[in-house]
Amino acid sequence: MNDAITAIHINCDTFKRLKQNIFCLSLLLLACNSNTYAQEWTDNHDSSKRNLAHGIETKLEWQSTFSKGKTPLWLNANKYGLSSLEKNNGYFRATMERPLQTDSARRWGIGYGIDIAAAYNNTSRFIVQQAFAEVRWLHGKLTVGSKQQLPVMKNAALSSGAQTLGINARPVPQVRLELPEYWAIPVANRWIQLKGHISYGILTDDSWQKDFTAQKSKYAEHTLFHSKAGYLRIGKDEELYPVSLEFGLEMATLFGGTTYMPDGNGQMERLSNGHGLKSFWHALIPGGSDITDGAYANVEGDELGSWLLRLNYNTDNWRIGLYADKFFEDHSGMFLLDYDGYGEGEEHAVKKHTKFFLYDMKDIMLGAELNLKYTKWIKNIVAEYIYTKYQSGPVYHDHTFTISEHIAGIDNYYNHAVCSGWQHWGQVMGNPLYRSPLYNEDGRIEVEDNRFVAWHLGFDGAPTDNLAYRVLATWQEGVGSYDRPYLMPRRNVSLLAEISYQLRKGWALKCGFGADFGKILGNNRGLQISACKQL
């Protein structure tokens, strides 16, 4: 969000109650499932000696990309940030992991992993992509470190990507407590299931931000990260009851650290943001304010999130899911409602009337996923529509001494006045159709095309047991941002055709061709080749 957005006056009481409920729900789930499902594990498994060297999976991978122009979108995006826009780039990667599933029969499960890459023409030459240890007690799990997390309610291979907790950027090192799989509440005949997580971490791109901006535009160091999510599913036993409904709320915050921004005199001003226990609490329960807020205090940090909804229908031969992802950057987008009953004159900051401003629900992602269970040439089809042009409208005005109206528009998705926005190592941490700062040629860490409409199609298949393919196609029309609108709308088409083949003795080959056409990402062509060996 820009400087105007940081002046948004949030109804903290409503926001606090919502996030308190999420936090309490997460703790309740982890406590309840320990007692309810203890009978699923038997003590005689735990009595045997555990071998932490047993079940280790090792993989070696090589990948190279050759492009004319920048790397095309779908050869770069949704790869957990292990990618590059440079026309020729690649890496050699080694992964070793002991999955938690190794201890699936035990009450306690222990897992760990290390995933490193030596890269060229990337944001780093040596990349620690993943490094984590995790412990499971019955259904609850604690993870410490960097780990790639799959998106919820979306097909990771075919979707354009989640708008909040996506897979487009490098994993953030964090401490994450979660209930990873749906757990049935022991009421209502177990028709209601819940899952969720809560985490705190820190971004690792300080050096990249300094180099990318050349310390001439805003950047931040030691930025802290917080995320939480809660999901509810109504339904059970898909073979007998084919319909299920899922609801979800994902929320995230960037806060703390130190911000450097131009002071207007050719120098960089240093702003120390909150980093104590109070700031951690304000990330969990919104409160406080940023150092630049002034008279109209906003909550501390960059708060954002998504409402999620998915309806599933399952048959013997196929399964379909219809879903929605409603992104928001503040409460005007979250609740579509804002208090607008302030007084005038000396009472301009006093709530005098029962009056509210209602925002339109224009910005949304709508999608459909079809799974054909027994066909080979086409297995899964995903279609999505995304609209982000509204952003609570083009007007922002805080109530003043002379004008009492309060309208909190211009939400400026993925951007923020103090933090460096919803990005990590130059790649947005949500949906890559919001053009990542890595594309910017002026050294600004900013999402410059966040108001757009897009249509996306993806499908895949496996004609034989060894041969599989994937196709993605996206059309997008962008108008820039409210801060930096384009003079004319810009359009873009991005394509991907990818084929993979499983060889003997754990070898696999993959080849993908990608292309971009248009004025948002430019005209790019690229070929990506990779080879993988499972040891």
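Modelled label positions at Leu142 and Lys351, each set 7 Å beyond Cα in the direction of Cβ, lie 3.9 nm from each other. Placing unit charges on the Cβ atoms only, positive for Lys and Arg and negative for Asp and Glu, gives the stretch 396-535 a dipole magnitude near 820 debye about its Cα centre. Here's the list of lysines a cross-link from Lys505 could span, going by alpha-carbon distance under 19 Å and ignoring same-chain residues fewer than 8 apart: Lys59, Lys533. Note that the stretch 95-193 shows a convex hull volume over its alpha carbon atoms of 140 Å³ per residue. Between Ile202 and Glu221, the distance separating the two model label sites (each 7 Å from Cα on the Cα→Cβ line) works out to 1.2 nm. Note on Lys141: lysines with a C-alpha under 17 Å away, same-chain residues under 8 apart excluded, are Lys195, Lys228.
Solvent-accessible area per residue in the chain equals 44 Å², computed with a 1.4 angstrom probe and all protein chains kept. Each other residue within a Cβ distance under 9 Å of Tyr469 adds +1 if Lys or Arg and -1 if Asp or Glu, for a net charge of -1. Only the Cβ atoms of Lys and Arg (+1) and of Asp and Glu (-1) were treated as charged; on that basis the dipole of the chain about its Cα centre amounts to roughly 2060 debye.
Once you order the gyration tensor axes a ≥ b ≥ c over the Cα atoms, which shape class does the stretch 140-224 get: rounded for a/c under 1.5, otherwise prolate or oblate by comparing a/b with b/c? Judged from the Cα gyration tensor, the stretch 140-224 comes out prolate (a/c at least 1.5, a/b above b/c). Report, to the nearest whole %, how much of the accessible area of the stretch 96-227 belongs to carbon and sulfur atoms, 1.4 Å probe, protein only. Its accessible area is 61 percent carbon and sulfur atoms.
A dipole drawn for the chain from +1 and -1 charges on Cβ atoms has a positive end, and of His348, Ile127, Gln528 the residue lying farthest that way is Gln528. Comparing Cα centroids, the stretch 58-103 and the stretch 207-222 end up 25 angstrom apart. For the chain, what is the calculated [θ] at 222 nm in deg cm²/dmol (nearest 500), taking -39500 (n - 2.57) for each run of four or more DSSP H residues and dividing by its residue count? So the calculated ellipticity at 222 nm is -3000 deg cm²/dmol. Stretched out straight at 0.36 nm per residue, the stretch from Ala118 to Leu535 would grow longer than its current Cα-Cα span by 148.2 nm.
Diffusion of the chain by Stokes-Einstein, at 20 °C in a medium of 1.002 mPa s and with Rh set to the Kirkwood radius over alpha-carbon pairs, works out to 87 µm²/s.
Positive contributions from Lys and Arg (+1) and negative ones from Asp and Glu (-1), summed over other residues with Cβ under 13 Å from the Cβ of Glu134, come out at +2.
Among Leu52, Met361, Leu165, whose Cα lies farthest out toward the positive end of the dipole of the chain, if unit charges sit on the beta carbon of Lys, Arg (+1) and Asp, Glu (-1)? In the chain, that residue is Leu52. Between Tyr501 and Leu358, full extension at 0.36 nm per residue minus the direct alpha carbon distance yields a gain of 46.2 nm. Here the label points at Val395 and Asp442, each 7 Å from Cα along the C-beta direction, are separated by 2.8 nm in the simple model. Most tightly packed first, judged by the mean number of other beta-carbon atoms within 10 Å of their residues, the peptides 56-65, 347-356, 369-378, 107-116 read 107-116, 56-65, 369-378, 347-356. At q = 0.08, 0.19 Å⁻¹ the log10 of I(q)/I(0) for the stretch 110-265 amounts to -0.33, -1.32, computed by Debye summation with a single uniform scatterer per C-alpha, solvent ignored. Taken about its Cα centre, the stretch 310-434 carries a charge dipole of roughly 920 debye when the Cβ of each Lys and Arg holds +1 and the Cβ of each Asp and Glu holds -1. Would you mind getting me the FRET efficiency between Glu269 and Leu336? Use the beta-carbon distance for r and R0 = 30 Å, nearest 0.05. According to the calculation, E is roughly 0.25. Within a straight-line Cα-Cα reach of under 13 Å, Lys68 can be paired with the following aspartates and glutamates, leaving aside sequence neighbours fewer than 8 residues apart in one chain: Glu86, Asp516. Other residues with beta-carbon under 12 Å from the beta-carbon of Gln427 carry, at +1 per Lys or Arg and -1 per Asp or Glu, a net charge of +2. Of the GluC sites (Glu not before Pro) found in the stretch 429-527, those that fall in a DSSP loop while having at most 15 other beta-carbon atoms within 10 Å are Glu441. Here the stretch 350-407 is treated as a sphere whose radius is the Kirkwood value from Cα pairs; by Stokes-Einstein at 20 °C and 1.002 mPa s it diffuses with a coefficient of 135 µm²/s. With all projection directions averaged, the alpha carbon convex hull of the stretch 292-365 covers 7.6 nm². Compared with the direct C-alpha span, the chain from Asp211 to Leu277 gains 20.7 nm at full extension, assuming 0.36 nm per residue.
Show me the helices of the chain, taken as full DSSP H stretches, that run 30 Å or more along their long axis by Cα and average -0.5 or above in Kyte-Doolittle hydropathy. Sorted by number, the helices that extend far enough and score high enough are 12-36.
The values are calculated or read from the model by the stated rules, or taken from the named source; none is laboratory data. These figures come from a predicted structure and were not determined experimentally. Glycine also receives a Cβ, built like all others from the backbone with ideal geometry; neighbour counts cover every protein chain displayed. Just so you know, the surface numbers come from the protein's heavy atoms only, side chains and all, with ligands and any DNA or RNA stripped out. Shrake-Rupley method; radii C 1.70, N 1.55, O 1.52, S 1.80 Å.
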